[in-house]
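Enquirer: Here it is, the structure, as structure tokens.
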Amino acid sequence: MALFIPTYFSPISQYKAILNSDSVIFEIEDNFQKQTYRNRCYIYGANGKQLLNIPVSHPKSGGKIKTKDVLVENLDWKKQHYKSLTSAYNHSPFFEFYKDNLLLFFDKKHKYLLDITIDSFLLINDALDLYKKYSTTLKYDVNDVNDVNDFRHFANAKHTTDNYFKPYTQIFDDKHGFLENLSILDLLFMEGPNSISFLT
């Protein structure tokens, strides 16, 4: 069993750990933290590393809120994200194969951030034929992780990973070189079904 925080089109490091885990448990009882992969991902844009950020509502009181209770501000972020992905990857080898499912994802109405992150996991799960089932936590207990591999740190955007990433061809690597640990979407659009070989 492995414990993860559900993140938005997770970084490749998280999917490496997911692929090598028997079962996936998503931590949803923790407090939401800003500037994490919970509501952001990074892609390879024409100018290099590009942030896609989901705007979320914060409590008026300024107090803490659980990850599972975070509401999404339904502005035009979905249109912007799809436009950014299309602009970045329209000429990549496999974008055409996945864009319809991606469009369905962005057309879906989401109220909670958790629904978005779980749906993004399910989309990738299906695209890569991972067949990974998941469950969610019922309580938050930082010490109750016996017999569980704790990978919650992968949600921290500032966490430096010691994973070695096999380089793969990226859409703008002739301009900016290889960028490691981007969103799983970068790998998917460039390598398609062969993405698995870069996650093992």
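The values are calculated or read from the model by the stated rules, or taken from the named source; none is laboratory data. Since this is a predicted model, take the numbers as computed values, not measurements. FYI the Cβ positions are ideal-geometry reconstructions off the backbone, even for glycines, and counts take in every protein chain you see. These accessible areas exclude ligands, DNA and RNA; they are computed on the full protein's heavy atoms, side chains included. Shrake-Rupley method; radii C 1.70, N 1.55, O 1.52, S 1.80 Å.
Enquirer: Can you sort Tyr98, Tyr112 by 1.4 Å-probe accessible area, starting with the largest?
Expert: Tyr112, Tyr98
Enquirer: Given Lys34/Lys83; Lys79/Lys132; Lys79/Lys111; Lys109/Lys133, which pairs have Cα atoms separated by over 20 Å?
Expert: Lys34/Lys83; Lys79/Lys132; Lys109/Lys133
Enquirer: Between Thr86 and Ile196, what FRET efficiency follows from the Cβ-Cβ distance if R0 is 41 Å, with the result rounded to 0.05?
Expert: 0.95
Enquirer: Right, something else. Please label the shape of the range 10-52 as rounded, prolate or oblate, based on the square roots a ≥ b ≥ c of the eigenvalues of the alpha-carbon gyration tensor (a/c under 1.5 means rounded; beyond that, a/b larger than b/c means prolate, else oblate).
Expert: oblate
Enquirer: Here is a further query. How high is the FRET efficiency between Ala46 and Asp119 when r is their beta carbon distance and R₀ equals 30 Å, given to the nearest 0.05?
Expert: 0.65
Enquirer: Under 10 Å, Cα contacts only: if you run a Gaussian network model on the chain, which one of Phe105, Phe189, Phe154 comes out with the highest mean-square fluctuation?
Expert: The residue with the greatest mean-square fluctuation here is Phe105.
Enquirer: Stretched out fully, how many nm does the piece from Lys109 to Glu29 gain, at 0.36 nm a residue minus the Cα gap?
Expert: Between Lys109 and Glu29, full extension yields an extra 26.5 nm.
Enquirer: Same structure, new question: Give me the accessible area of Leu187, 1.4 Å probe, in Å² rounded to the nearest 10.
Expert: For Leu187, solvent-accessible area is about 0 Å².
Enquirer: Could you work out the relative contact order of the range 1-131? I mean the mean sequence separation of Cα pairs under 8 Å and 6+ apart, divided by the number of residues, in percent.
Expert: With pairs under 8 Å counted, the relative contact order is 27 percent.
Enquirer: Now, a different point. Put a dot 7 Å past each Cα toward the Cβ at His153 and Tyr131; how far apart are the dots in nm?
Expert: 3.2
Enquirer: At q = 0.14, 0.16, 0.17 Å⁻¹, what base-10 log of I(q)/I(0) does the Debye formula yield for the chain when every alpha carbon is treated as an equal point scatterer in vacuo?
Expert: For the chain, the Cα-only Debye profile gives -0.80, -1.06, -1.21.
Enquirer: At 25 °C and 0.890 mPa s, what whole-number value in µm²/s does Stokes-Einstein give for the translational diffusion of the range 1-96, with Rh from the Kirkwood sum over Cα pairs?
Expert: 161
Enquirer: Tell me the per residue accessible area of the chain using a 1.4 Å probe; a whole number in Å² is fine.
Expert: Heavy-atom accessible area per residue stands at 53 Å².
Enquirer: Take the range 61-151, compute every pairwise Cα distance, and split them into 10 Å bins from 0; I just need the percent in each bin.
Expert: Pairs per bin, as whole percents: 12, 35, 32, 17, 4.
Enquirer: Sticking with this structure for a sec: Give the carbon-plus-sulfur fraction of the accessible surface of the chain in %, rounded to a whole number; probe 1.4 Å, heavy atoms of protein chains only.
Expert: On the chain, the fraction of accessible area on carbon and sulfur atoms equals 49 percent.
Enquirer: With contacts defined as alpha carbon pairs under 8 Å and 6 or more residues apart, what's the relative contact order of the range 70-143 in percent?
Expert: Contact order relative to length: 36 percent.
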